[in-house]
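Q: I have a structure I would like to understand better, so I am pasting it below and will then ask my questions one at a time.
The values are calculated or read from the model by the stated rules, or taken from the named source; none is laboratory data. In this text the structure is predicted, and so the values were computed from the model without any measurement. In this analysis, Cβ positions are derived from the backbone assuming ideal geometry, glycine residues included, and neighbour counts consider all displayed protein chains.
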Amino acid sequence: MKDISKLVRANIAALQPYSTARDEYKGSLGILLDANENPYDNGINRYPSTSLKEQLRRKVAELKGIAPERLFLGNGSDEAIDLCYRVFCEPGRDNAVIMAPSYGMYSVCADINNIERRMVLLEPETFALPVEKLLSAADDATRLMFICSPNNPTGNAFAVSDIERLAAAFEGILVVDEAYIDFSAEKSVVSLLDKYPNLIVLQTLSKAYGMAGLRIGLAITSPYIVSIFKQVKYPYNIGTDTISLALKCLEGDVSPQVAQIKAERDRLLEVLPQARCIQKIYPSDANFLLIKVNDPRGLYNALLQQGVIVRDRSTVALCEGCLRITVGTPAENEKMEKIIYSYES
Ligand code: PMP
């Protein structure tokens, strides 16, 4: 087994974390004169309660079929991406291997933290995972490797066996971002956590769960890494109303919506290639489609003129000519389809 504690930056390992008086006292409290709050109750005059957040952590852990100790809740998974750098990478010395094209925040957070990033391109057209190239891009100073599956913006998911090869061979921390896993036919790599202590799986309530406005992301990993993330995060990283709303939303069942989105995705995959302007439509395990068109900017503008915004990815390496389109409601998709069918180019 790899010794993960050796990968943690020395200053983080030695950190005396900030702790609140309420964290330190576990009994029941009546009069709160410890945190310089306004004492007049308006529902949010108190800092978020640790026990309410713990309730959300237990609820999400139950939903994901994992022990709560394996779950870190962040202010979006973006917070967890940044924490990976802050915990494991020494600025100006260490580096991260990042697959490309992929989600932009892996690179942005590397730049913010002054960490060299080593970009490794997926295989052209198939967007297959270049396992050997990723491993050979790493050296003694590589602390992190970022894999996104299903990948944004290409839409494809990687086989668990390919990701396992990386987890087994890579000496640093393998971060697998599964933001879109709920739309995928491929299985989550959460099942590998017992075997690979160097694995961090990111998921989110922003996509399938319909709570992008709340900003709640999940890092599922070893209890040891969770405890370090908790020490480094800001003291109250998720607000009271956010936690309460998330608990309320989680009482509902999003599976009919997810099924509808997947059905629409599959329908669009079948019908959109009939449009003259589309050269290619890539298979998708996510809630969006990557389409290659003759004139991406022209089609982008035509959609925009009629009130439909999509993502222009045509300047991204390996995505030349491509737009990324999120699957909307059937009515929204129909409007988008009509514009694409009538676009002459
Ligand atoms: N990972 C991927 C692959 C994403 O595409 C996004 C957002 N588009 C995120 C993470 C960020 O998710 P969150 O809302 O949880 O910060």
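Q: Taking the condition within 10 Å of the ligand (Cβ to nearest atom) and touching a strand residue (DSSP E or B) at 6+ places or on another chain (Cβ under 8 Å), does L205 pass?
A: In short, yes.
Q: Continuing with the same structure: Restricting the search to the range 218-274, which residues are under 26 Å from I173 (Cβ atoms) and either basic (K, R) or part of a helix (DSSP H, G or I) (or both)?
A: Those that are under 26 Å from I173 (Cβ atoms) and either basic (K, R) or part of a helix (DSSP H, G or I) (or both): P223, Y224, I225, V226, S227, I228, F229, K230, Q231, V232, K233.
Q: So, one more: Which residues, taken from the range 1-59, are in contact with a helix residue (DSSP H, G or I) (Cβ under 8 Å, 6 or more places away or on another chain) and under 30 Å from T142 (Cα atoms)?
A: I4, S5, L7, V8, R9, I12, A13, L15, P17
Q: Follow-up question, since we're still on this one. Free of Cβ contacts under 8 Å to residues at least 60 places away in the same chain, within 13 Å of the ligand (Cβ to nearest atom) and either out of contact with any helix residue (DSSP H, G or I) (no Cβ under 9 Å at 6 or more places or on another chain) or in a helix (DSSP H, G or I) (or both): which single residue out of S107, S136 fits that description?
A: From the options S107, S136, the qualifying one is S107.
Q: Under 6 Å by Cβ, and 6 or more places apart or on different chains, what pairs join a residue from the range 111-124 that is in contact (Cβ under 8 Å) with a residue 12 or more places away in the chain with one that is of a type in the set (S, T, N, Q) and assigned to a strand (DSSP E or B)?
A: E116/N95; R118/N95
Q: Taking the range 139-183 as the search range and keeping residues that are within 17 Å of the chain's Cα centre (by Cα) and of a type in the set (D, E), which one is farthest from the ligand (Cβ to nearest atom)?
A: Once the filter is applied, the top-ranked residue is D182.
Q: Next question, about the same structure. If you scan the range 110-133, which residues turn out to be in a loop (DSSP other than H, G, I, E, B) and farther than 17 Å from Y85 by Cβ?
A: L122, E123, P124, E125, T126, F127, A128, L129, P130
Q: Based on this model, can you work out whether L290 counts as outside the structural domain of A80 (by TED's automatic domain parsing) and either in contact with a Pro (Cβ under 6 Å, 6 or more places away or on another chain) or part of a strand (DSSP E or B) (or both)?
A: Yes: the conditions hold for L290.
Q: A further question on this structure: Of I98, I31, I115, which residue is of a type in the set (V, I, T) and within 16 Å of the ligand (Cβ to nearest atom)?
A: Of I98, I31, I115, the one residue that is of a type in the set (V, I, T) and within 16 Å of the ligand (Cβ to nearest atom) is I98.
Q: Let me ask something additional. State all residues of the range 145-181 that are closer than 24 Å to P223 by Cβ and either assigned to a loop (DSSP other than H, G, I, E, B) or in contact (Cβ under 8 Å) with a residue 40 or more places away in the chain (or both); if no residue qualifies, say none.
A: M145, F146, I147, S149, F170, E171, G172, I173, V175, D177, E178, A179
Q: Still on this structure: Are any residues in the range 221-246 without any contact (Cβ under 8 Å) to a residue 40 or more places away in the chain and closer than 24 Å to P197 by Cβ, and if so, which ones?
A: Matches in the range 221-246: S227 only.
Q: If a residue has to be outside any helix (DSSP H, G or I), under 19 Å from P223 (Cβ atoms) and polar (S, T, N, Q) to count, how many in the range 182-200 make the cut?
A: Going through the range 182-200 one residue at a time, the tally reaches 2.
Q: Output the number of residues of the range 302-343 satisfying the condition of being hydroxyl-bearing (S, T, Y) and within 21 Å of the chain's Cα centre (by Cα).
A: 1
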